Amino acid sequence: MPLPRAVWATALIVGATLRLVGQEKPVNTAPVNLPEFNVVGERELPPPETWYYTRIAGQEVLSSASRSRTEQMARDVTRVLHALDLTGTTLLPRNKAATRMLITGREGNFSSFAPELKETDEDEVWSAMLGGPENPVLIINERSRSLGYSAEAESGDDESGPEAATPAERAADAARHLQVGYFRAVLSRQRPALPAWFIEGVAQMLARVRITDHSVTLGYVENQDAIGKIGGQDREAGHSVAGDLKHRLTPAVDSLADSLDFNAALARSGLFSLPELFAANSRSFPGEENIKQRIRWEKQCHAFVHWGLFGDYGRHEKQFLAFMQRLQTQPLTEKLFQESLGMNYAEGLAALRTHVEVTRVKVVGVKADKDQKLPPEPPIEVREATPLEVARLKSIAFAAGHQPEKAREELILAYRRGERSPDLVAELGLAELNLGRREQAARYLALATKAKCTRPRAYAALARIRLEDRVAKPQGKDGKLSYEQLLGVLEPLLLARTQAPRTPEIYTLFAEAWARADTPMPPQHLALVDEGVTLFPEDTALREARARLGPTATAK
């Protein structure tokens, strides 16, 4: 005997919720077979490239750097993430969404994934973040000359510049950049969105956690008396030209160096005004001529967040956290800054300069018992990647970088080499959709979601296609969707809700589908939409979709 419609819908939601609680990801091991691709002028398969594969904190890493360089970087990053887990810090959210990482070590690799960069700029940029919060891809340019940047080396006063760095030093520096990039990716997913300067400051601070066999310390900085260590009384403060992010320095030599902690790096370096600091982000400094300015901004973000959380022996922490809480709902103004921190922008910049010069901190962390050591970090394994792994991860990066043709080519190449996973088919469906091939995309996405792929966007994309197609040909009363049409849209959305991360689009489509249906919406389904509004309160499209359900549609 069939269940009544409202009861059946409730059972569907309960089932999806149970799946979410019982396992982090649906199983996706069953192979998916597609019709053979008809490739015009098909040639022999090209020889696979040599890349290396590993995992960092469960996240996939593909590297074209050498095996030894890749091993060192992966080991360094794993050690830091393990140390932070031991501290239990809440600064790093426990977000399980995938962050793929590519380390490019061959000429042309980096710019192939980030085509907006000119070939002449490739060696000047050390990272790029592709994609959105649902599926970010972090690209690290191991060839970048900005790794190990030093203003003194640039001026000719230091013979130990990036070109003179040893492979181990460059790998260690690249590992730190990889850590910073990973932390940026995780923090950028948070909703409501965090300010760029806060994300940068926290990322820089987490990447510089102090680790020994016996302790992990967060908030520690090297050379706390920066004046005594660098420049002494001969140092004069730098000056900024307001509004254009340019700086001039009174001393002939700038202390700015990428490898130094913020206090030493900024000891003889100009500071941005606070409005400039808050308005900029890591993309505000393109090109070789702005390497200094980007590093200066990164160091000052670190300094400001460190001052707020650990400066003056922790005296500002409560006010700073209240300040960040207000920024979740209010725009940043000097008035809000003064109300929260008890000083205007000029006074805040002066306090920051004092913090750079004499860094008085309250550190936090974890320490092993006497005569004991902390648990070691998990081992890492670097091996040569299979041709299928190379093609799959490269295709994800190409798709995230808005290169759908390249993404499709990599996926087809992987399929021809024998890859049949649901995730590959899901990626192929999304690539076809990006190219405007809706019918082919819908077929691939249906196969992938039926096999329980782990791409939330695949489920949402299939639901969007079905909703648009069925709205064009409604079968319900008064030109609306019939209940049977509605179910075909809701099913992939409920499955998407079992994936990590959930996205606003899932809940928006759910609300849009019900708003176009000829069937009253049950309270349980409205509660699901309200769950989305709670998770993503700043998403305008979701709030508008919820409003269209009407004032009488309230959960009970």
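Listed values, structure above:
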read-out: Residues of region 179-203 satisfying the condition of being part of a helix (DSSP H, G or I), under 19 Å from Gln59 (Cβ atoms) and either open to solvent by 30 Å² or more (accessible area, probe 1.4 Å) or at pLDDT 90 or above (or both); value: Arg184, Ser188, Ile199, Val202, Ala203
read-out: Subset of region 445-475 (residues that are out of contact with any Pro (no Cβ under 8 Å at 6 or more places or on another chain), assigned to a loop (DSSP other than H, G, I, E, B) and open to solvent by 20 Å² or more (accessible area, probe 1.4 Å)); value: Lys473, Pro474, Gln475
read-out: Residues located in region 511-533, provided they are free of Cβ contacts under 8 Å to residues at least 40 places away in the same chain and either in contact with a Lys or Arg (Cβ under 9 Å, 6 or more places away or on another chain) or surrounded by fewer than 23 Cβ atoms within 10 Å (Cβ to Cβ) (or both); value: Ala511, Ala515, Pro520, Met521, Pro523, Leu526, Ala527, Val529, Asp530, Glu531, Gly532, Val533
read-out: Among (1) farther than 22 Å from Tyr444 by Cα; (2) assigned to a helix (DSSP H, G or I); (3) open to solvent by 40 Å² or more (accessible area, probe 1.4 Å) - the single one Pro537 does not satisfy; value: (2)
read-out: Members of region 62-72 that are in contact with a strand residue (DSSP E or B) (Cβ under 7 Å, 6 or more places away or on another chain) and either open to solvent by 40 Å² or more (accessible area, probe 1.4 Å) or of a type in the set (A, V, I, L, M, F, W, C) (or both); value: Leu62, Ala65, Arg67
read-out: Residues located in region 441-474, provided they are among the β-branched types (Val, Ile, Thr) and more than 19 Å from Ala431 (Cβ to Cβ); value: Val471
read-out: Among the residues listed as Ala442, Ala414, Ala426, Ala399, the single one being closer than 20 Å to Ser112 by Cα and open to solvent by less than 30 Å² (accessible area, probe 1.4 Å); value: Ala414
read-out: Yes/no for Glu298 being acidic (Asp, Glu) and either closer than 30 Å to Thr540 by Cα or open to solvent by 40 Å² or more (accessible area, probe 1.4 Å) (or both); value: no
read-out: Qualifying positions in region 353-375 - open to solvent by less than 50 Å² (accessible area, probe 1.4 Å), in a helix (DSSP H, G or I) and farther than 16 Å from Gly219 by Cβ; value: Arg353, Glu357
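The values are calculated or read from the model by the stated rules, or taken from the named source; none is laboratory data. Please read all numbers here as calculations on a predicted model, not as lab measurements. All Cβ positions, even for glycine, are placed from backbone atoms using ideal geometry, and neighbour counts span all protein chains on display. The area values use the complete protein model at the heavy-atom level, side chains included, leaving out ligands, DNA and RNA. Shrake-Rupley method; radii C 1.70, N 1.55, O 1.52, S 1.80 Å.
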